[in-house]
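Asker: Structure below; questions to follow.
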Amino acid sequence: MKIMFSKAKNDDQAITEYIKSVIRYPLFADNDQNNEYEIEKVDEGFLFVPIYPITFLIDEAFYNRLFSILSLALTPMYTLIRPLTMQIVTLDGQEPRSRGLFIPARKGKPKRLTGTLSELVKMVNHTSEIPLMDLINWNYVKSPHAIITGVSGSGKSYFLKFLYQACSSVGEVIAVDPKGSDLARLAKRNGSKIVIPPFLGDHSSSGISGRFLQEVIDTLKNVELTMYERQGQLYRSTNRISTDYRELNLKPIFVFIDELAALMTGATKQVKTDFQETLTRLIVLGREAGIYLVLSMQSARAEYLPTIVRDSISLRVQLGRINSENTRFLFPELSEMPMVPIGGKGSGIMSIAGDPRYAGIEPLLTPTILD
């Protein structure tokens, strides 16, 4: 592809010289090879521009090695965003400098948002943007649906609580909480619809059962009917080719499901299949009608979350311990571990598909809620 990059306003020769010094020995076997490329600083990151002919091989392994070296060497001056594939760009120039490797980077290090829940929610605007960090927003219209994974103690519940309150400020919310924990109590306080297992209101029930999952399915099917009604209204009322629920002045509907894997405890295979099929239809078809799902679970394993569902979710967040085992379900394209900020609970990595501002995997520090 051919991309027009804008040079950095202040031509920072010092940073490009620093990068060349950093990669001189780890990346090349022969010191003379350092005369076979140039480093350019652009507003969106950095360019590695080979000057052909060259005596080294450029492939995905070379690109990943270059990225890994710079990721540590440039922090905290820059935060590198790991692309999902090697970024080869065509430059507006003549041979031998007409192509290069693009390393996307954001100036500075990620900063965590801090405030009470009400203060954080005030940062949510009404243009479909929900702030995740100081310079990163989730546009749920461009990038529908979200999934948050992480083990107990990773900050998953706090982040889900923030997202729930943020979404409730712009639309209708439905909470499904098999634990009856933070999410359910927040929904109860807000007077929003909650789906909780019978044992929370009926002491004769011993725990989560297939009956609870059936109630969840019934709730999702009602949302599905609303989705079809909205799509029918859009078809009948507009001549636009590309449109969505906002043309009808409707509010979005967010369905939050906490600890999704626990829902299936005690359910029959038929009920589990019904649940997964209903979930799939909402995820795949819901965007135009303004139906958005926010899922939370410890690990996005295929036995709980069908591949088509996982692949259709735009915002993906992994909190807590990051390694190849627990990231391979959510980020199957990630071959090497990214840099993760040390910041206690709520630290991890994220990617947002569908939004060109965040075309890769980058560090995340979720908002700190002051009680």
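Asker: Just to be sure before I move on: is Met86 assigned to a loop (DSSP other than H, G, I, E, B), open to solvent by 30 Å² or more (accessible area, probe 1.4 Å), closer than 30 Å to Asn35 by Cβ and modelled with pLDDT under 90 in the structure I sent?
Answerer: yes
Asker: Any chance region 282-298 includes a residue that's among the β-branched types (Val, Ile, Thr) and part of a helix (DSSP H, G or I)?
Answerer: Checked region 282-298: at least one residue is among the β-branched types (Val, Ile, Thr) and part of a helix (DSSP H, G or I).
Asker: Looking at Leu305, Leu330, which one is part of a loop (DSSP other than H, G, I, E, B), in contact with a Ser or Thr (Cβ under 6 Å, 6 or more places away or on another chain) and crowded, with 17+ Cβ neighbours inside 10 Å?
Answerer: Leu330
Asker: Mind listing whichever residues of region 234-264 are in contact (Cβ under 8 Å) with a residue 60 or more places away in the chain and either open to solvent by less than 50 Å² (accessible area, probe 1.4 Å) or under 18 Å from Glu215 (Cβ atoms) (or both)?
Answerer: The answer is Asp244, Pro252, Ile253, Phe254, Val255, Phe256, Ile257, Asp258, Glu259, Ala262, Leu263.
Asker: Which of the residues spanning region 57-83 are farther than 18 Å from Lys20 by Cβ, charged (D, E, K, R) and outside any strand (DSSP E or B)?
Answerer: Scanning region 57-83 gives Asp59, Glu60.
Asker: Is at least one residue of region 192-204 of a type outside the set (Val, Ile, Thr) and either under 22 Å from Thr366 (Cα atoms) or modelled with pLDDT of 95 or more (or both)?
Answerer: No, region 192-204 contains no residue that is of a type outside the set (Val, Ile, Thr) and either under 22 Å from Thr366 (Cα atoms) or modelled with pLDDT of 95 or more (or both).
Asker: Failed condition for Leu120, given (1) open to solvent by 10 Å² or more (accessible area, probe 1.4 Å); (2) more than 13 Å from the chain's Cα centre (by Cα); (3) among the aliphatic types (A, V, I, L, M); (4) modelled with pLDDT under 90, with all others met?
Answerer: (1)
Asker: Residues being in contact (Cβ under 8 Å) with a residue 24 or more places away in the chain, over 27 Å from Pro356 (Cβ atoms) and either surrounded by 12 or more Cβ atoms within 10 Å (Cβ to Cβ) or of a type in the set (Ser, Thr, Tyr) (or both): count how many of those fall in region 24-69.
Answerer: 6
Asker: Is it fair to say Ile103 is over 14 Å from Tyr37 (Cβ atoms) and surrounded by 17 or more Cβ atoms within 10 Å (Cβ to Cβ)?
Answerer: Spelling it out, it is not the case that Ile103 is over 14 Å from Tyr37 (Cβ atoms) and surrounded by 17 or more Cβ atoms within 10 Å (Cβ to Cβ).
The values are calculated or read from the model by the stated rules, or taken from the named source; none is laboratory data. Everything numeric in this text was worked out from a predicted model, so none of it was measured. So basically every Cβ, Gly included, is an ideal-geometry build from the backbone, and we count neighbours across all protein chains shown. Areas reflect the complete protein model, heavy atoms only, side chains present, ligands, DNA and RNA absent. Shrake-Rupley method; radii C 1.70, N 1.55, O 1.52, S 1.80 Å.
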